[in-house]
Amino acid sequence: MIDELKISRRDLDLIQSELEKNKPYEACGVLIGTLDGNTALVEKALPVTNAKRTTRSFELDPEENYVAWNDAMKSGKEIIGVYHTHPVSSAVPSLWDRETMQNDSSVWLIAGEDGMRAYVWSNGLKAVKTTEN
């Protein structure tokens, strides 16, 4: 289980910028990098179009998500997680997020009005320590 997420200030700023730019709609993207034991090392946060374009949920555009996955694999990396924004609420998983996370072993980074927090699902919702690298 992932218990730490290491991400650069540049990528955190990019995600914050996506939150502001897409308000009031949710923005989303993938976190590309590697896993080192229980640590997810983000090398790049990549915005992906929110195919739902709603204020309360997100869906990664399937074509863009496939291209991101394929490009990551070609460079020896993987998609280690997703990020999305809660532009009008806190960085806590919604009921929809929680239901979706149960089928996904990767890390979820949520940017909300009150900052950013990361989570995984492992027999329930678990907070992940986030540090800048």
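The values are calculated or read from the model by the stated rules, or taken from the named source; none is laboratory data. As the structure is a prediction and not an experimental result, all values here were calculated from the model. Cβ atoms come from the backbone with ideal geometry, glycine included; neighbour counts cover every protein chain shown.
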Tally time: how many residues in the stretch 103-128 are surrounded by 12 or more Cβ atoms within 10 Å (Cβ to Cβ), under 21 Å from ASP11 (Cβ atoms) and more than 14 Å from the chain's Cα centre (by Cα)? 1
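Taking the stretch 94-105 only, how many residues are within 21 Å of GLU20 (Cβ to Cβ) and either in contact with a Pro (Cβ under 7 Å, 6 or more places away or on another chain) or not in a helix (DSSP H, G or I) (or both)?
Pass one, the stretch 94-105, residues within 21 Å of GLU20 (Cβ to Cβ): 94, 97.
Next, only the ones that are either in contact with a Pro (Cβ under 7 Å, 6 or more places away or on another chain) or not in a helix (DSSP H, G or I) (or both) stay: 94.
Going through the stretch 94-105 one residue at a time, the tally reaches 1.
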Residues that are among the hydroxyl-bearing types (Ser, Thr, Tyr), touching a residue at least 24 places away in the same chain (Cβ under 8 Å) and surrounded by fewer than 20 Cβ atoms within 10 Å (Cβ to Cβ): find the strands (runs of 3 or more DSSP E) completely inside the stretch 1-93 holding 3 or more of those. none
Could we say that THR100 is under 19 Å from LEU5 (Cβ atoms) and free of Cβ contacts under 8 Å to residues at least 12 places away in the same chain here? yes
Single residue of THR100, THR54, THR85 found to be modelled with pLDDT under 95, under 14 Å from the mean Cα position of the chain (by Cα) and of a type in the set (Ser, Thr, Tyr): THR100
